[in-house]
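Inspection log for the structure reproduced underneath, given as structure tokens.
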Amino acid sequence: MKVRRLIIPGLLLAAVGAIAAAVYVMRLDRMVVTQFEGRRWTLPAQVYAAPLELYVGLPLSGNDVETELQRLAYRRVDDVVRTGTYRRIGGEIDVGLRATRFADQARPAELLTVATADGAITSLRDARGQPVPIIRLDPLLIGSIFPIHGEDRIIVTPAEVPPLLPAALKAVEDRNFDTNRGVNLVGILRALWFDIRARRLDQGGSTLTQQLARSYFLTTRRTASRKIREAIMAISLDEHFSKADLMNAYINEIHLGQDGDRAINGFGLASEFYFGKPLSELDLREIATLVALVRGPSYYDPRRHPDRALKHRNLVLDELVEQHVVSQTEARLAQAQPLGITAKTAGAYYPAYLDLVRRTLRRDYRDQDLTEAGLEVFTNLDPRVQADAEHILDSQLSRLDRTHRRRDSSIPLEGAVVVTAPESGDVIAVVGGRDSSYDGFNRALDGRRQIGSLVKPFVYLAALETGRYNATTLVDDEPVSIKLSNGKLWRPRNYNREDEGPVPLVRALAESLNDATVNVGMDVGLDNVIHTLGQFGLEQEPPKNPSLLLGSLGLTPLEVAQLYGGLANGGFRTTLRAVRAVISADGKALKAFPVEVQPVAQADTVYEVDSMLEQVVERGTGRPARAVLPPGLIAAGKTGTGPDLRDSWFAGFSGSDLAVVWVGYDDDGPTGFTGESGALSVWSHLMADIATSSWSAPMPDSLEQITIDYPTGLRAAAQCSDDLVTLPVPPGTNPPLKPGCLGASLGTALHSTVQSAIRHAGQWLGGLVR
């Protein structure tokens, strides 16, 4: 009787438990099917650099072309050229271009032959030998926008997966994948036996489907309940989805490494992260390395533990031989090769530039869109200029550290560089600090420091716009005393504590004379100077203090680049832009970022200022650059020095590029460097290294040229002056004649008359034609 009484409740409890278990399994099954059918991996936005355009005449040597191909992870081969490889014979390079997508169109894979000679491209031919007028190399993937502590991945389709990869995964991880029902009961029992003996949950015994369920639905915490859920989910996945679908999901989902806060998920991204190339281009040794990582991405990290990773890779190769996936000969050849892991930054990682890209995109997109929607972002970054800027900044700061070391030598000099193309406003390089790979404080975007004499071109531009000044106008470089609103007197001085007396405007700017600048600025009026700065892009109006005339306002290097862009672009302000276009995951254009141009000053007055800035480099505080710049390269710019030598600046431009450089300490301590002795060296080496052109804007018809004696501003010629400068000025400008230059006066007057006659004749003839 007692037994019978116990049996009935026991059966009821068992029935209730069975029903509860069935309900639990059904709920899990429904959840698995629903989520997996509508699976949408978080796909961080992929960010690409501007592609390099190749054309006949482009100044690239064979070595330069090969460097660009290697930057894009093309492999050199000696035999047949396939996609992602190239072959070089002398000055001729055959390239198997990958299929890729640009901001405006897609390009199929194709064969290209590039011929070079004498440092330039001489011909481009396709697979049929036909000439190609212009072609773009692949856009370089420079990073992705992922959430903090978030996942990153590159989704691959079955067609993009080399057949060897799923075969290797099955051989090493789950030999019965094609026939099991999602779980391996023998493996699970064996794992449980080892766990019971070890008194902890260590053994896996998991099929590929269980690993997929764990990665996609569960946490990595090892508990008995999680193992049960994992098994149920794996059975559910296997019941409702094909093996091919599960294998492709596994290849895209599984965790294979860590890059700081970024989780490297899926073989597509792991291929780029470890080998710098698409998954479809991996060979046997590389596939074996990635398969080896499945068991422990951290433990077998090939960068941190290369010996451990190599040993495990070779074990994987042995397993592939045993399972008849590859031959013993193939495995031995692969085992004889090194891991082949690229440097961590091989593909390219430019955190300062990516920071600018993020800030640009967040004006139009939610963070969720940027970190999950699989957008493709095409930028204006030039990897060659970026690499030059990073290297030159670091090397020049090291040199400056040696020449002027602080007592506290543990604090190194820091710096920032911004390079733009003034005509389009494209930001082509951003370096946020000495350690360019460090994703931290971005000095190029957030380092707001006093710009010093960088403000002076805008003071003189405001003066020229009054019509009362030109480049030859004599101004007083004499001590000045100004009573401030608080009753105190402000007495600025020249850097060398000496005054030059009357000097031409061009010399005052070229030699950065403080007293002369303040005298001019106070005559013009602070309101006019502030208005000019606002026209050129200064967003926040600075305090109306006389010290503004000597650059007491704090700006970032990017903001300075915006201001100077209007000078380099002839009085047209072009809004700086890092992003060119955004494309959706399915290839649809979502947003373009067109060039935005606005006239902000008269072309003739800007041309006069630019000509005076050219004299900064030729004769003034920027003159040391001439020893570094290529002979004949015409450039213009201005030095800037913060109070107590805390900040060293140089902003300058050529015909095609504008660069702004800041050098200083993060703690705002004195550097011991002026703009001339510090930042100028970075700027001049950078401009010498990139392929830039001379500044050569056409002189407006409203100006004519005049030759003066540079020190005095008096009219002169070669027979009466050994320091002549020819400058653009408004018609009728007639400075006093330098003593002893009577002959020069007649020659100058005749030259001016001829110039005026030619100009008016041209205007008259132009009117007849119209």
Query - First in region 82-101 and in contact (Cβ under 8 Å) with a residue 60 or more places away in the chain, second anywhere and of a type in the set (S, T, N, Q) and open to solvent by 10 Å² or more (accessible area, probe 1.4 Å), Cβ under 6 Å, 6 or more apart - result: ARG98/THR83
Requested in this report: Would you mention how many residues in region 544-570 are within 21 Å of SER656 (Cβ to Cβ) and crowded, with 21+ Cβ neighbours inside 10 Å?
Outcome: 12
Query - Any pair with Cβ under 8 angstrom, 6 or more apart, that starts in region 255-275 at a residue that is touching a residue at least 12 places away in the same chain (Cβ under 8 Å) and at positive phi and ends at one that is of a type in the set (Val, Ile, Thr) and open to solvent by less than 30 Å² (accessible area, probe 1.4 Å) - result: GLY257/ILE264; GLY266/VAL156; GLY266/ILE251; GLY266/ILE254
Query raised in the report: Restricted to region 571-587, and to residues that are in contact with a strand residue (DSSP E or B) (Cβ under 9 Å, 6 or more places away or on another chain) and not in a strand (DSSP E or B), which residue is surrounded by the fewest Cβ atoms within 10 Å (Cβ to Cβ)?
Result: GLY587
Report task. Give the residue that is least open to solvent (accessible area, probe 1.4 Å), with candidates limited to residues of region 593-617 that are within 24 Å of the chain's Cα centre (by Cα) and touching a residue at least 24 places away in the same chain (Cβ under 8 Å). Result -> PHE593
Query - Filter pass, ASP307 being of a type in the set (D, E, K, R) and either touching a Ser or Thr at 6+ places or on another chain (Cβ under 6 Å) or exposed (fewer than 15 other Cβ atoms within 10 Å of the Cβ) (or both) - result: yes
Query - Condition met for LYS277 (over 18 Å from LEU169 (Cβ atoms) and charged (D, E, K, R)) - result: yes
Requested in this report: Within region 62-77, count every residue that is touching a Lys or Arg at 6+ places or on another chain (Cβ under 9 Å), assigned to a helix (DSSP H, G or I) and open to solvent by 80 Å² or more (accessible area, probe 1.4 Å).
Outcome: 1
Requested in this report: Scan THR329, THR289, THR342 and give me the residue that is open to solvent by 10 Å² or more (accessible area, probe 1.4 Å), touching a residue at least 40 places away in the same chain (Cβ under 8 Å) and of a type in the set (Ser, Thr, Tyr).
Outcome: THR342
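What residue, of GLY632, GLY637, GLY620, is assigned to a strand (DSSP E or B), among the small types (Gly, Ala, Ser) and closer than 30 Å to SER677 by Cβ?
Going through GLY632, GLY637, GLY620 in turn, the sole match is GLY637.
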Requested in this report: Would you confirm whether any residue within region 532-543 is open to solvent by less than 10 Å² (accessible area, probe 1.4 Å), without any contact (Cβ under 8 Å) to a residue 40 or more places away in the chain, out of contact with any Phe, Trp or Tyr (no Cβ under 8 Å at 6 or more places or on another chain) and assigned to a helix (DSSP H, G or I)?
Outcome: no
Report summary line: Of those in region 509-525 that are more than 37 Å from the chain's Cα centre (by Cα) and not charged (D, E, K, R), the residue most open to solvent (accessible area, probe 1.4 Å) is MET522
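Can you name every residue in region 380-413 that is polar (S, T, N, Q), in contact with a strand residue (DSSP E or B) (Cβ under 9 Å, 6 or more places away or on another chain) and not in a helix (DSSP H, G or I)?
First, the residues of region 380-413 that are polar (S, T, N, Q): 380, 386, 395-396, 398, 403, 409-410.
In the following step, the residues that additionally are in contact with a strand residue (DSSP E or B) (Cβ under 9 Å, 6 or more places away or on another chain) were identified as 380, 386, 396.
Hit for region 380-413 is ASN380, nothing else.
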Report summary line: Those residues of region 78-97 which are assigned to a strand (DSSP E or B) and open to solvent by 10 Å² or more (accessible area, probe 1.4 Å) amount to ARG87, ARG88, ILE89, GLU92, ASP94
Report summary line: Matching residues in region 101-123 (under 16 Å from ASN63 (Cα atoms) and of a type in the set (A, V, I, L, M, F, W, C)) number 5
Query raised in the report: Checking ASP527 against (1) out of contact with any Phe, Trp or Tyr (no Cβ under 8 Å at 6 or more places or on another chain); (2) within 30 Å of LEU356 (Cα to Cα), which test does it fail?
Result: (2)
Query - Which numbered condition PHE267 fails, given (1) open to solvent by 40 Å² or more (accessible area, probe 1.4 Å); (2) touching a strand residue (DSSP E or B) at 6+ places or on another chain (Cβ under 8 Å) - result: (1)
Report summary line: Expected output for region 719-739 (first residue within 25 Å of TYR607 (Cα to Cα), partner open to solvent by 50 Å² or more (accessible area, probe 1.4 Å) and part of a strand (DSSP E or B), Cβ below 9 Å, 6+ apart or cross-chain) is THR726/GLN705; LEU727/GLN705; PRO728/GLN705; VAL729/GLN705; PRO735/LEU474; PRO736/LEU474
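Per-residue answers, yes or no, for (1) within 30 Å of ARG101 (Cα to Cα); (2) at pLDDT 95 or above; (3) hydrophobic (A, V, I, L, M, F, W, C):
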| residue | (1), (2), (3) |
| --- | --- |
| ALA516 | no, yes, yes |
| THR532 | no, yes, no |
| ASN545 | no, no, no |
| LEU549 | no, yes, yes |
| THR556 | no, yes, no |
| LEU563 | no, yes, yes |
| ASN569 | no, yes, no |
| ALA578 | yes, yes, yes |
Report task. Hey, could you check region 444-490 for residues that are surrounded by fewer than 13 Cβ atoms within 10 Å (Cβ to Cβ) and touching a Lys or Arg at 6+ places or on another chain (Cβ under 8 Å) and say which is nearest to VAL725 (Cα to Cα)? Result -> SER481
Query raised in the report: Can you pull out the residues in region 62-75 that are farther than 18 Å from LEU140 by Cβ and either in contact with a Cys (Cβ under 8 Å, 6 or more places away or on another chain) or without any contact (Cβ under 8 Å) to a residue 24 or more places away in the chain (or both)?
Result: ASN63
Query - Residues located in region 329-349, provided they are under 15 Å from the mean Cα position of the chain (by Cα) and either at pLDDT 90 or above or on the phi > 0 side of the Ramachandran plot (or both) - result: ALA348
Query raised in the report: So which of GLU423, GLU372, GLU376, GLU414 is farther than 26 Å from ARG153 by Cβ, open to solvent by 30 Å² or more (accessible area, probe 1.4 Å) and touching a residue at least 12 places away in the same chain (Cβ under 8 Å)?
Result: GLU423
Query raised in the report: Among PRO51, PRO59, which is touching a Lys or Arg at 6+ places or on another chain (Cβ under 6 Å) and at pLDDT 90 or above?
Result: PRO51
Query raised in the report: Of all the residues that make up region 348-391, how many are within 18 Å of ARG136 (Cβ to Cβ) and small (Gly, Ala, Ser)?
Result: 1
Query raised in the report: Given the conditions (1) free of Cβ contacts under 8 Å to residues at least 24 places away in the same chain; (2) open to solvent by 30 Å² or more (accessible area, probe 1.4 Å), and given that THR707 satisfies all but one, which numbered condition is not satisfied?
Result: (1)
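The values are calculated or read from the model by the stated rules, or taken from the named source; none is laboratory data. The model shown is predicted, which means the values in this text are computed figures rather than measured ones. Cβ atoms come from the backbone with ideal geometry, glycine included; neighbour counts cover every protein chain shown. Accessible surface is based on the protein model in full, side chains and every heavy atom, while ligands, DNA and RNA are left aside. Shrake-Rupley method; radii C 1.70, N 1.55, O 1.52, S 1.80 Å.
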